[in-house]
Amino acid sequence: MNLDQAISERRSIRGFKPDPVPRELLEEIIALANRAPSSMNTQPWHFHVLTGAPLEAVRTGNSERMLSGVPPQREISSHGAYQGVHRDRQVEIAIQLFEAMGIERDNKEKRQDWVMRGFRQFDAPVSVVVTFDKGLEDDTIAHFDLGAVTYGLVLAAWSRGLGAVINGQGIMQSPVVRENAGIPDDQVILTCVALGWPDEGFSANSVVSRRRNVGETARFVGFDQDCP
């Protein structure tokens with residue numbers, strides 16, 4: 001798979017086969033992701049790759065705390081509620097997913113189950129918890145760098161037949177994740193990536209989010225007006 005194909009065909013995968021992912025393949029994917037650019041070559045990221053019993057403990061702890069009403073405890077600032085066009089896009093993708101899964105608007109049980117899938121890391125066989133060095137906690141550039149390396153991770157996974165979804169829900173109960181993943185105190189948990197072999201029979205995996213075109217996202221300044 002070439003780069004253009006990987007970028008254009010990649011989509012978020014939220015349903016996985018239970019088959020394990022070989023450690024050697026995960027190491028290969030992470031080695032590629034590590035080629036991501038970073039400010040001043042700081043490379044502030046760390047990956048904590050969970051499977052088996054530790055991942056099951058995270059799923060259980062996340063679910064129990066959320067269902068019992070424990071407020072989310074993330075280690076980074078929350079963006080709060082989206083507004084305007086950003087909220088519109090959030091709603092649009094939710095509608096696409098619910099339609100694919102046959103979840104009616106008034107079916108509270110199915111909607112709740114869908115939400116809990118995120119806290120269970122979408123039942124993926126692997127979860128990659130992405131952290132950065134605590135000394136850069138107030139440095140928003142470090143967050144930018146982790147975005148780059150995480151995108152590299154999901155692209156590398158896709159190019160090898162694996163599916164992934166960047167999953168902020170999976171670390172909303174960060175104390176649970178920190179304890180079961182053994183994350184050092186000098187690192188900050190940013191997000192996680194649910195990863196595994198896509199279940200082609202899972203309806204939501206067919207959903208492709210709508211994207212803005214170049215005319216909506218880019219301005220060209222100083223170019224010849226006759227040039228496209």
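Somewhere in segment 108-120, is a residue of a type in the set (Phe, Trp, Tyr), out of contact with any helix residue (DSSP H, G or I) (no Cβ under 8 Å at 6 or more places or on another chain) and modelled with pLDDT of 90 or more? Give the steps one after another, and end with the answer.
Residues of segment 108-120 that are of a type in the set (Phe, Trp, Tyr), as a first pass: 114, 119.
Narrowing the set further to residues that are out of contact with any helix residue (DSSP H, G or I) (no Cβ under 8 Å at 6 or more places or on another chain) leaves none.
Among the residues of segment 108-120, not one is of a type in the set (Phe, Trp, Tyr), out of contact with any helix residue (DSSP H, G or I) (no Cβ under 8 Å at 6 or more places or on another chain) and modelled with pLDDT of 90 or more, which makes the answer no.
Among the residues of segment 116-138 satisfying the criterion of being in contact (Cβ under 8 Å) with a residue 60 or more places away in the chain and assigned to a loop (DSSP other than H, G, I, E, B), which is surrounded by the most Cβ atoms within 10 Å (Cβ to Cβ)? Let's see the steps before the verdict.
Residues of segment 116-138 in contact (Cβ under 8 Å) with a residue 60 or more places away in the chain: 117, 119-133, 136.
Checking the rest, the ones that are also assigned to a loop (DSSP other than H, G, I, E, B) come to 120, 124-125.
Working: Arg120: 22, Ala124: 32, Pro125: 19.
My answer is Ala124.
Among the candidates Val165, Val214, Val154, which residue alone is farther than 17 Å from Ile13 by Cβ and of a type in the set (Val, Ile, Thr)? Let's see the steps before the verdict.
Numbers: Val165 fails: farther than 17 Å from Ile13 by Cβ; Val154 fails: farther than 17 Å from Ile13 by Cβ.
Of the residues listed, the single one that is farther than 17 Å from Ile13 by Cβ and of a type in the set (Val, Ile, Thr) is Val214.
Which of the residues spanning segment 196-228 are in contact with a helix residue (DSSP H, G or I) (Cβ under 6 Å, 6 or more places away or on another chain) and at pLDDT 95 or above? Give the derivation first.
Here is the first cut: in segment 196-228, the ones in contact with a helix residue (DSSP H, G or I) (Cβ under 6 Å, 6 or more places away or on another chain) are 198, 203-204, 207, 209.
Matches in segment 196-228: Pro198 only.
Given the options Gly80, Gly102, name the one that is free of Cβ contacts under 8 Å to residues at least 24 places away in the same chain and not polar (S, T, N, Q).
Values: Gly102 fails: free of Cβ contacts under 8 Å to residues at least 24 places away in the same chain.
It is Gly80.
Do we find a residue being more than 30 Å from Arg120 (Cβ to Cβ) and in a helix (DSSP H, G or I) anywhere in segment 179-189?
As a first pass, look at segment 179-189 and keep what is more than 30 Å from Arg120 (Cβ to Cβ): none.
No: zero hits.
So Val91 passes all but one of these: (1) assigned to a loop (DSSP other than H, G, I, E, B); (2) free of Cβ contacts under 8 Å to residues at least 24 places away in the same chain; (3) not hydroxyl-bearing (Ser, Thr, Tyr). Which condition number does it fail?
For Val91, the exception is condition (1).
Out of the residues in segment 138-152 that are in contact with a strand residue (DSSP E or B) (Cβ under 6 Å, 6 or more places away or on another chain) and among the aliphatic types (A, V, I, L, M), state the one that is modelled with the lowest pLDDT. Spell out the reasoning first.
Step one: filter segment 138-152 for residues in contact with a strand residue (DSSP E or B) (Cβ under 6 Å, 6 or more places away or on another chain), giving 142, 146, 149-150.
Now drop any that are not among the aliphatic types (A, V, I, L, M), which leaves 142, 146, 149.
Working: Ala142: 91, Leu146: 96, Val149: 98.
Looking at residues that are in contact with a strand residue (DSSP E or B) (Cβ under 6 Å, 6 or more places away or on another chain) and among the aliphatic types (A, V, I, L, M), I get Ala142.
Out of Ser206, Ser159, which single residue is among the hydroxyl-bearing types (Ser, Thr, Tyr), under 24 Å from Gln96 (Cα atoms) and in contact (Cβ under 8 Å) with a residue 40 or more places away in the chain?
On the way: Ser159 fails: under 24 Å from Gln96 (Cα atoms).
Sole residue among the options that is among the hydroxyl-bearing types (Ser, Thr, Tyr), under 24 Å from Gln96 (Cα atoms) and in contact (Cβ under 8 Å) with a residue 40 or more places away in the chain: Ser206.
The values are calculated or read from the model by the stated rules, or taken from the named source; none is laboratory data. Quick caveat, the model's predicted, so the values are computed rather than measured. Please note: Cβ atoms are built from the backbone with ideal geometry, for glycine as well, and neighbour counts cover all protein chains shown.
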